[in-house]
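The values are calculated or read from the model by the stated rules, or taken from the named source; none is laboratory data. Here the structure is a predicted model, which means the values were calculated and not measured. Quick reminder, even Gly has a Cβ in these numbers, built from the backbone with ideal geometry, and neighbours come from all protein chains shown. Ligands, DNA and RNA are excluded from the accessible area calculation, which covers all protein heavy atoms including side chains. Shrake-Rupley method; radii C 1.70, N 1.55, O 1.52, S 1.80 Å.
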Amino acid sequence: MALRLLSLAVLIAAWQIGAHFAGPRLLPEPLAVARAIFEEARDGALFLHLGATLARVAVSFALAMFAGAALGLLMGRSRAADAIADPWIVVLLNLPALVIIVLAYIWAGLTETAAIAAVTLNKLPNAVVTLREGARALDRNLDEMAQVYAMPRLTWLRHVAAPQLGPYFAAASRSGLSLVWKIVLIVELLGRPNGVGFEIGSAFQLFDVTRILAYALAFVAVMLAIEMLVVQPFERHAARWRPKNP
Amino acid sequence: MPPAGAQRTLDVAIQRKSFRSASGESLDVLKDINFSLEPGEVGAIAGPSGCGKTTLLRIVAGLDTDFTGAVRRPAQGRLGYVFQEPRLLAWRSAADNVRIAAPETDEAGLEALFSALGLAGHADHYPGELSGGLARRVSLARAFAARPDLLVLDEPFVSLDAALAERLRGELAALVARRPVTTLLVTHDIEEAIALADRIILLSPRPARILGELRIDTPRGGRGLALTNKLRADIAQLNAAAGA
Ligand SMILES: Nc1ncnc2c1ncn2[C@@H]1O[C@H](COP(=O)(O)OP(=O)(O)OP(=O)(O)O)[C@@H](O)[C@H]1O
Ligand SMILES: [Mg+2]
């Protein structure tokens, strides 16, 4: 913890020094950015845009993880499903995010639905591939045990499969959360009238680096808080059965 | 209540079971294994290591369907299987492992079962915190709690100390006495087979075929030394005849 704080302090110091040489137009001082965050917070604009972005992140992340987990599980368990869906996943995986976003806006208009769909489709293949890996690694011996005791499908999913998929789900969530919020910003930049991405876009047109950094850092802070308050406690809960001190 | 005319016995008629090895050649494991168990009968399978006993149990339980022949299980039969290794859910407590496989078990019954199997105090432990012997007993508890009509056990009492193995054999005998359970038990231990079984099925080395079937009509409680010695001699003779 002490090392982390020290490292963070060095980063801020380097920023301060860099700002000194680059000048306020290219790189404003940390304190100036902090003041900008405070100003934006006071008139409420910060929370409006953070909230809009966060809502988009939450919805598209949840959709992508849910659909991705279901499809990944199916593809990992059924050869036929894998053969059918795999080419689609490979195409989607290799389609640049920007192409998906632009096409979604062209086909569905500059709507919220198009925005959410574009982000979801960007994250989906990654979740599918990770969860498919998890489904393939499911312990066959335990499946046989479930078969012998005639466990209902739902019991199997909850008590046999889900705990084994937990680490894969956590890995997909971790990489997913950072991927999704970056794509949400682009989606907002290109076709939404609010959100952090929209704000950064308009600040860019004025070359207002202070505002760009203010919004970016505020949002990074929010995502860090989610990682620490939601993702990590979930992982600890899912791993509680593992014996301590291996 | 199974409908009249429904299958009641366990009928095993395996003509052939072979595995294909990674290099493509086929390995015969079972050959002409035919036997039946009446409802409530306990059959013990004895045979040398690697002869195909686990393979036979998996076929009987319906886990392996890739063989030539037919197996008919008691109709609507609930199954209990004590695998050769415990196969517990590492992320659920010992008691939850039983509850999940046997959801109809009530808490009082569960507690009684745990104390009968010497598991009292371990209900809330995770499998990773249990010794091998304790985990084996949880696996037994799970099979017993499922109130099976067909119970399959793969060397359930090996590597337990003699006193404990004796006690668990007693619990198995008591379970079978309370409620008729057709039971198929694999064991290395001839004494154990003689103590528990109504019928001993002796297998040859791989590919396993049946060397002989011995019926024991004396009830489990009254099997004295004389009977034990006679059965032992019979088994030795069957093994010797196969070797010759
Ligand atoms: N999935 C498999 N693929 C190929 N060969 C197998 C497979 N399962 C078992 N065998 C082979 O079949 C034979 C019988 O195995 P099995 O596990 O049934 O023996 P066993 O009598 O239960 O042995 P043990 O007493 O050591 O438990 C062995 O030679 C084993 O190598
Ligand atoms: Mg075996």
Say we look at the range A:141-166 and pick out the residues that are over 25 Å from the mean Cα position of the chain (by Cα) and polar (S, T, N, Q); which of these is nearest to residue B:93 (Cα to Cα)? A:155
Looking at B:73, B:78, B:87, B:99, which one is within 16 Å of ligand 2 (Cβ to nearest atom), surrounded by 13 or more Cβ atoms within 10 Å (Cβ to Cβ) and within 14 Å of chain A (Cβ to nearest Cβ)? B:87
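Residue by residue, here is whether (1) within 16 Å of ligand 1 (Cβ to nearest atom); (2) surrounded by fewer than 23 Cβ atoms within 10 Å (Cβ to Cβ); (3) at pLDDT below 95 holds:
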site: B:129; (1), (2), (3): no, yes, yes
site: B:139; (1), (2), (3): yes, no, no
site: B:142; (1), (2), (3): no, no, no
site: B:152; (1), (2), (3): yes, no, no
site: B:161; (1), (2), (3): no, yes, yes
Among the residues of the range B:1-25 satisfying the criterion of being modelled with pLDDT under 90 and small (Gly, Ala, Ser), which is nearest to residue B:195 (Cα to Cα)? B:6
Within the range B:113-125, is even one residue within 14 Å of chain A (Cβ to nearest Cβ) and either free of Cβ contacts under 8 Å to residues at least 12 places away in the same chain or within 19 Å of residue A:147 (Cα to Cα) (or both)? no
Residue check, residue B:136 part of a loop (DSSP other than H, G, I, E, B), under 21 Å from the mean Cα position of the chain (by Cα) and either closer than 20 Å to residue A:159 by Cβ or of a type in the set (Lys, Arg) (or both): no
Given the structure, is residue B:186 within 16 Å of ligand 2 (Cβ to nearest atom), away from chain A (no Cβ under 14 Å) and in contact (Cβ under 8 Å) with a residue 60 or more places away in the chain? yes
Note on the range A:1-13: residues in a helix (DSSP H, G or I), open to solvent by 60 Å² or more (accessible area, probe 1.4 Å) and free of Cβ contacts under 8 Å to residues at least 12 places away in the same chain are A:2, A:3, A:4, A:5, A:6, A:7, A:8, A:10, A:11
Okay, helices (runs of 4 or more DSSP H) sitting entirely in the range A:189-246 with 3 or more residues that are touching a Phe, Trp or Tyr at 6+ places or on another chain (Cβ under 6 Å) and surrounded by 19 or more Cβ atoms within 10 Å (Cβ to Cβ), I get A:196-205
Scan B:50, B:62, B:40, B:24 and give me the residue that is within 16 Å of ligand 2 (Cβ to nearest atom) and surrounded by fewer than 17 Cβ atoms within 10 Å (Cβ to Cβ). B:50
Taking the range B:37-63 only, how many residues are without any contact (Cβ under 8 Å) to a residue 24 or more places away in the chain and within 9 Å of ligand 1 (Cβ to nearest atom)? 1
